[in-house]
2 protein chains.
Amino acid sequence: MILSDEKWLIKQEKFEVSSIQETIFTLSNGYLGVRGTFEDLFHNETPGTYVAGIFDKSEAQVKELVNLPYFWGLKIYLKYEYLNPFECEILDYKRILDMKQGLLYKKMRLRDKKNRITKIEGYRFLSHDNRNLALMKYKITPENYKDRMTLEYFIDGKTANSVSHPKERVKHYFLTNHIVSDDYLYLEACTRDINHKVGILSSVEIENYHSKITRNYIDFIAQSIDIDPVPQNEYTINIYTSILDSRRYDNLYENNIKEIKKARNIGIEKLLENHNKKLKKLWDVADIKIFGDEKADKSLRFNIFSLLSLANPDDEIVSIGAKGLHGEGYKGHVFWDTEIFMLPFYIYEYPEAARSFLMYRYYTLDKARENARKNGYKGAQYPWESADTGEEETPKWGEDYYGNKVRIWTGDIEYHITADIAFAIREYLRATEDWEFFLNYGAEMFFETARFWASRAKYNSKKDRYEINEVIGPDEFHEHVNNNFYTNYLAKWNIDKAFYYLNILRNKYPYNYEKILKKIKLNEEELERWKDVSNKIYIPWNKKSHLIEQFEGYFKLEDRIITKYNEKDMPEWPENVDLTKLNKYQLIKQADVLMLMHLLSEEFDYETKKINFEYYEKRTMHKSSLSPSMYAIMGLAVGDHSKAYEYFMKTALVDLEDNQGNTALGLHAASAGGTWQAAVYGFGGMYIDDNEKINFKPWLPSHWKSMEFNVYYKKQLLNIKITQDSIKINNLSSLNNK
Amino acid sequence: MILSDEKWLIKQEKFEVSSIQETIFTLSNGYLGVRGTFEDLFHNETPGTYVAGIFDKSEAQVKELVNLPYFWGLKIYLKYEYLNPFECEILDYKRILDMKQGLLYKKMRLRDKKNRITKIEGYRFLSHDNRNLALMKYKITPENYKDRMTLEYFIDGKTANSVSHPKERVKHYFLTNHIVSDDYLYLEACTRDINHKVGILSSVEIENYHSKITRNYIDFIAQSIDIDPVPQNEYTINIYTSILDSRRYDNLYENNIKEIKKARNIGIEKLLENHNKKLKKLWDVADIKIFGDEKADKSLRFNIFSLLSLANPDDEIVSIGAKGLHGEGYKGHVFWDTEIFMLPFYIYEYPEAARSFLMYRYYTLDKARENARKNGYKGAQYPWESADTGEEETPKWGEDYYGNKVRIWTGDIEYHITADIAFAIREYLRATEDWEFFLNYGAEMFFETARFWASRAKYNSKKDRYEINEVIGPDEFHEHVNNNFYTNYLAKWNIDKAFYYLNILRNKYPYNYEKILKKIKLNEEELERWKDVSNKIYIPWNKKSHLIEQFEGYFKLEDRIITKYNEKDMPEWPENVDLTKLNKYQLIKQADVLMLMHLLSEEFDYETKKINFEYYEKRTMHKSSLSPSMYAIMGLAVGDHSKAYEYFMKTALVDLEDNQGNTALGLHAASAGGTWQAAVYGFGGMYIDDNEKINFKPWLPSHWKSMEFNVYYKKQLLNIKITQDSIKINNLSSLNNK
């Protein structure tokens, strides 16, 4: 294994335990996610092992992505005493995330108190070729001693969710099976409420050892291998691990054995090669090169790497949590983040993945229908937070700064996600022309979401208009507002586009048209109501002043302007703001009006965008990592280039520099998608016009020499090379076809 | 709770994790033992929770005293962040073992990085009044803050035996039941091989809290209690824990609930009072006061405290392991240590306890018979190492310094323990006149052990003598020796004394005589053989030179004399000694010939003792903690006073100063008994003459002003006050009777 070029490498050069670094060094292949803890598993680390879609509730307030047993444990003992790096002199240290190869490399040289020097070098990865496989290889060199060395490989079942928090901590699994032999170590976890089973089987490959013992310690299992070393000899240990779960497999033990036998036959080097081939295919499309700005180039690549890591096109019943498979923030729940922030990346770079994430929404459509019904509406109301089944999983209660219970309302009234999903379906269809998906799945979701809005809007007879009251828009500082511009506008859009698609279907796909209408029992009478809602829904937009009121009454709130920024260049609270009463002020958490102007860019003119950008930018606290990327894009759209670059770097570095202060809890996956959008929509200036033609109006910061990226559009792979004064578009598909 | 006077206190004044201190601060009440780890249970501590008699084998080489779940967990969080003492400034710190009250006190004042000062003060104890109860009380004072404070009480099921050793580590229990509610936390462990169940139930008493949650984390259970504190207010948390096991109880949960309800009704202060009353009764008899030598006084008291802690007269199916209930050294196994080193203390200070330990040997008599049978002998052969059933538990294999497997022979051929037990029965009977015990239990053991020796001795027709060949004597440096003086002498003694008791029984207790002979099928013919063995057994004692040869051929071995002592004043190996071939040298591990001269002091004259003391003292490496106390006693017997005092302090401080270097693994319980013997037999000069009269020939070091102690002898409690020039004996029983 040779490390890739510098631009592919994220490095840690100082040996320390850091929960931020654990998130950054998380490996994931869309099925599995493993946080970047050390193999030793030091007591103050926060291990995380997650399988996409394995949720459980137990004593938690809502379902959580289960922190499963940790399977990459490895400790070294000399004469049966633990070689604790924290009690050694660190002669050499490096951990490197090699994004090209999708692996985490570690090198360490330790001198212990008895002057014994040990070198450890190797790597681990989660295969993109066979997502059930986790591989680890270390070479250990006792440089100057022949004391007995023991390598202890272990699978640790002592993990729990929110492990260091006495109130949030929940253990979500029982250990239901332990099978150990010299050949295999098997631990099976069963979640407590839902009874998902996850079987983890490992096999240790090692030569020139003296003896080994394999044991069941109930809460962990381990194999320890004694070596009587020859100084300077290199001892290689390869760990093959297969992880299967009961959603897809019976006989977890037997099937894991099969996987491991296959894997060991192939060998770890070849498995790495296969993994790299798969990754290369993805990188060949998705990589973006920025020349002239190494920091922007590498940090953008890290965001793309994260997005590539989170996709698993083979699994249509899961989607991406707000924190990826990188940590326990937001309990692994799926928000609008997936459709609005991440999906564009997948649509243009990895369409199979985009499709599978939309299929998750189809898979959970019935629950969205139930949800609407439960709340007194028609159609499908998607949950604000979603886990495995698509039920609403937003916790009802949280704690404020003082530890007092506060009611969380987003699960009740942050409705816009339902339109966001419809929007994503349109984006996907337009870019991919995947009518097979649309006819069989997308259309049904589209019509059911439109139907939801038609039922949710309430007729105000005094004003002869439809209203959507008591909502939360994207900006969550303001709860229980009426006629949020974003929500109402996108609701109307959802209904209007539904008519548009109904027309297409009626004309071009009459069979499907009939079938869907029959299935969802949609009739002319109901469509009349839709039309009425669309015509009369209230959109608080003063087209003369161009300024859009975020919601009805927003302009009457106390006005506070942001004037100060902290050391991370993030806004500081203006003086005299009561943080418990943010409903009172015009300060907003994140892009809201601006958000919509980005999504439906073609529907707003330059003047409107500029005036609203200037107004809202001064009032946006960016207390959500979803915000800066949108301001980068909109900044570029209105010609505020310097701010746009700042915002871009903020969103690109959100995790690498922990500028939201909570990277420890997991990746900012939406921000990763936003970073890609800021690069491609923003600097790349990509937009789709009314005729569904793809266009590019790029603008590069002056120190960028050039930028290069690819996008799939309507089944063609386009290569775009942008310099300060030129743009070159190549259709790689037609090149290939020649 | 007010701490006792200085002479009762063992202190730790520097905050640190120390496995030695964990052993010293172990609490025990004979049923339970809990190592002195901190309530926090820091990652580098070695928690130990043991129930006397709960052994299990699982993957271990032999049965081990099971390290059970730890039930004294307590952590403090401020705003849900763990208040880690290691990340605080320690403003004040003390841990104190109060031996009078049998409790472990702790006081700590911590200043964290946010300048919040927290005071923690309290204590814990294992009740001597109700041995199933463990109590803990802490007062916590947030001195200068009102941040939310969370107290997390937990029972930890993640413990294992030999936890830090990758090869020795064994987990001996499953957790078979978790029941948690706001009132009770219940965790049940079931040992893996033997299926002993141990149920641990706790209840937390606390006032003025905000809210609490109680949870099952599978491998531990916890209750966390939120407090919104008033600065300077004291918050008191009392933890009541009841521990029951399936050897005596069904329905562990229900019965524990009963215990806890009773305990909570009584209240922790009153429970402490009751505990102290019981302890006071023991101390009133057993305490030894040395005036003029505080160090000797306190360290002797520590040894007595340990011995009092290990006794449970109510449990006749357990005995004391070599390391007490204080650690996992020697796996909790029972050796001759109990009968030869500790039992004298109990015989003279706590006769009910002595009886119960001898009853353990009766309880295991059938296994000793089986053992003899298995090895081709008659009678009862007691195992060198014994656990719960009395089967031989000595491991067959160990590891030498280089990690090579070496055969351990003690379990096969260190026979003398069988005579040691007979010896202890005589000692007990002589001092207590407990004929009820002897007639029902002791005699049967005595005859069966004599019978063993008669079958073990082999007739050498060439020399017309009986020999006991291929043995290990007390000195374990020499394996497979022939005619070890100690062994042969005590074997003969065992047989001779058996005749003595047979006579008494025949004359005074004919009913019992007949009954026993019938039960063990002992006939005249066999007694003839016994007589023959006794008459003709070879005792390698040259009565002319007075010098006794430790075993046949010992004097022909290479002679090495100890000339150097290390910084702890322990012998250093003479030069050119091959540590892998100790069979070659006259160097010995511990008292052997001298040992016997102590046991059967009346059978050796002064001259013989002196000559042998001088010879063997120079050749004894004291690689066993059983050795120094014997040399102290024998030193006094032969007038070598200065060495005797040195040896006494060595044995008295073996744990407090860790002078054997392995206190971390548990108490040196035999040394504790040896210390008492050195004080009472040595300085006190106590001996029983041929007429079974008790006598005292004291000698005090010149700086000792006086020494005072009590002994029970023939149902009388004698008080002995010794000064440099006087001795005063009071019969306290007759005083009381007046």
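The values are calculated or read from the model by the stated rules, or taken from the named source; none is laboratory data. Source: prediction; values computed, not measured. We place every Cβ from the backbone using ideal geometry, glycine too, and count neighbours over all the protein chains shown. The area values use the complete protein model at the heavy-atom level, side chains included, leaving out ligands, DNA and RNA. Shrake-Rupley method; radii C 1.70, N 1.55, O 1.52, S 1.80 Å.
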So the helices (runs of 4 or more DSSP H) completely within segment A:245-321 holding 2 or more residues that are over 19 Å from the mean Cα position of the chain (by Cα) and surrounded by 20 or more Cβ atoms within 10 Å (Cβ to Cβ) are A:252-266, A:268-286
Note on segment B:716-738: residues in contact with a helix residue (DSSP H, G or I) (Cβ under 7 Å, 6 or more places away or on another chain) and farther than 19 Å from B:Trp676 by Cα are B:Gln716
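Condition check ((1) small (Gly, Ala, Ser); (2) closer than 30 Å to B:Leu717 by Cα) across all residues:
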position: B:Pro383; (1), (2): no, no
position: B:Ile408; (1), (2): no, no
position: B:Glu414; (1), (2): no, no
position: B:Ala422; (1), (2): yes, yes
position: B:Tyr428; (1), (2): no, yes
Any residue at all in segment A:7-19 that's within 14 Å of another protein chain (Cβ to nearest Cβ), assigned to a loop (DSSP other than H, G, I, E, B) and in contact (Cβ under 8 Å) with a residue 24 or more places away in the chain? yes
Per the filter on segment B:638-671, residues open to solvent by 10 Å² or more (accessible area, probe 1.4 Å), of a type in the set (Gly, Ala, Ser) and at pLDDT 95 or above are B:Ala664
Residues in segment B:461-507 that are open to solvent by less than 30 Å² (accessible area, probe 1.4 Å), in a helix (DSSP H, G or I) and farther than 24 Å from B:Gln586 by Cβ total 7
Turns out the strands (runs of 3 or more DSSP E) fully within segment A:197-244 with at least 3 residues that are at pLDDT 95 or above and more than 14 Å from every other protein chain (Cβ to nearest Cβ) are A:197-206
Within segment A:183-196, residues being within 13 Å of chain B (Cβ to nearest Cβ), out of contact with any His (no Cβ under 7 Å at 6 or more places or on another chain) and of a type in the set (D, E, K, R) number 1
Subset of segment B:46-62, residues in a loop (DSSP other than H, G, I, E, B) and at negative phi, comes to B:Thr46, B:Pro47, B:Gly48, B:Ala52, B:Ile54, B:Lys57, B:Glu59, B:Ala60, B:Gln61, B:Val62
Residue set B:Val654, B:Val680; condition in the same structural domain as B:Asn303 (by TED's automatic domain parsing) and in a helix (DSSP H, G or I); output residue B:Val680
Original post:
Does segment B:361-368 contain at least one residue that is in a loop (DSSP other than H, G, I, E, B), charged (D, E, K, R) and out of contact with any strand residue (DSSP E or B) (no Cβ under 9 Å at 6 or more places or on another chain)?
Top reply: no
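Residue by residue, here is whether (1) hydroxyl-bearing (Ser, Thr, Tyr); (2) touching a residue at least 60 places away in the same chain (Cβ under 8 Å); (3) under 20 Å from B:Ala134 (Cβ atoms) holds:
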{"residue": "B:Tyr235", "(1), (2), (3)": "yes, yes, no"}
{"residue": "B:Tyr240", "(1), (2), (3)": "yes, yes, yes"}
{"residue": "B:Leu252", "(1), (2), (3)": "no, yes, yes"}
{"residue": "B:Asn265", "(1), (2), (3)": "no, no, yes"}
{"residue": "B:Leu279", "(1), (2), (3)": "no, yes, yes"}
Expected single match for among the charged types (D, E, K, R), more than 30 Å from A:Ile10 (Cα to Cα) and either in contact with a strand residue (DSSP E or B) (Cβ under 7 Å, 6 or more places away or on another chain) or in the same structural domain as A:Val471 (by TED's automatic domain parsing) (or both) among A:Lys544, A:Lys643 is A:Lys544
Over segment B:141-178, the set of residues within 10 Å of chain A (Cβ to nearest Cβ), touching a Phe, Trp or Tyr at 6+ places or on another chain (Cβ under 7 Å) and among the aliphatic types (A, V, I, L, M) is B:Ala160
Of the residues that make up segment A:72-82, is at least one open to solvent by 10 Å² or more (accessible area, probe 1.4 Å), at positive phi, within 13 Å of chain B (Cβ to nearest Cβ) and in contact with a Ser or Thr (Cβ under 7 Å, 6 or more places away or on another chain)?
-> yes
Of the residues in segment A:591-603 that are open to solvent by less than 10 Å² (accessible area, probe 1.4 Å) and out of contact with any strand residue (DSSP E or B) (no Cβ under 6 Å at 6 or more places or on another chain), the one that is farthest from A:Tyr631 (Cα to Cα) is A:Leu600
For helices (runs of 4 or more DSSP H) lying entirely in segment A:374-460, having 2 or more residues that are open to solvent by 20 Å² or more (accessible area, probe 1.4 Å) and closer than 20 Å to A:Glu316 by Cβ picks out none
Out of (1) at the interface with chain A (Cβ under 10 Å from one of its Cβ atoms); (2) farther than 30 Å from A:Ser162 by Cβ; (3) of a type in the set (A, V, I, L, M, F, W, C), the one B:Leu103 does not meet is (1)
message = Among the residues in segment A:323-336, are any farther than 30 Å from A:His275 by Cβ and open to solvent by less than 10 Å² (accessible area, probe 1.4 Å)?
response = yes
Looking for something modelled with pLDDT of 95 or more, among the β-branched types (Val, Ile, Thr) and open to solvent by 10 Å² or more (accessible area, probe 1.4 Å) - is there at least one such residue anywhere in segment A:672-689? yes
Suppose the filter is open to solvent by less than 10 Å² (accessible area, probe 1.4 Å) and modelled with pLDDT of 95 or more; does B:Val34 pass it?
yes
Those residues of segment A:690-713 that are open to solvent by 50 Å² or more (accessible area, probe 1.4 Å) and either within 25 Å of the chain's Cα centre (by Cα) or of a type in the set (D, E, K, R) (or both) come to a total of 6
Taking the stated definitions as given, is B:Leu110 over 20 Å from B:Pro231 (Cα atoms) and either surrounded by fewer than 17 Cβ atoms within 10 Å (Cβ to Cβ) or more than 13 Å from chain A (Cβ to nearest Cβ) (or both)?
no
Of (1) more than 14 Å from every other protein chain (Cβ to nearest Cβ); (2) open to solvent by less than 10 Å² (accessible area, probe 1.4 Å), A:Ile120 fails just (2)
Scanning segment A:131-175 for residues that are of a type outside the set (S, T, N, Q), under 30 Å from B:Met149 (Cα atoms) and open to solvent by less than 20 Å² (accessible area, probe 1.4 Å) gives A:Gly157, A:Ala160, A:Pro166, A:Arg169, A:Val170, A:Lys171, A:His172, A:Tyr173
Note on segment A:533-569: residues part of a helix (DSSP H, G or I) and open to solvent by 50 Å² or more (accessible area, probe 1.4 Å) are A:Asn535, A:Lys536, A:Phe555, A:Lys556
Item checked: A:Leu41 open to solvent by 10 Å² or more (accessible area, probe 1.4 Å), closer than 23 Å to A:Cys190 by Cβ and either in a loop (DSSP other than H, G, I, E, B) or outside the structural domain of A:Arg148 (by TED's automatic domain parsing) (or both) -> yes
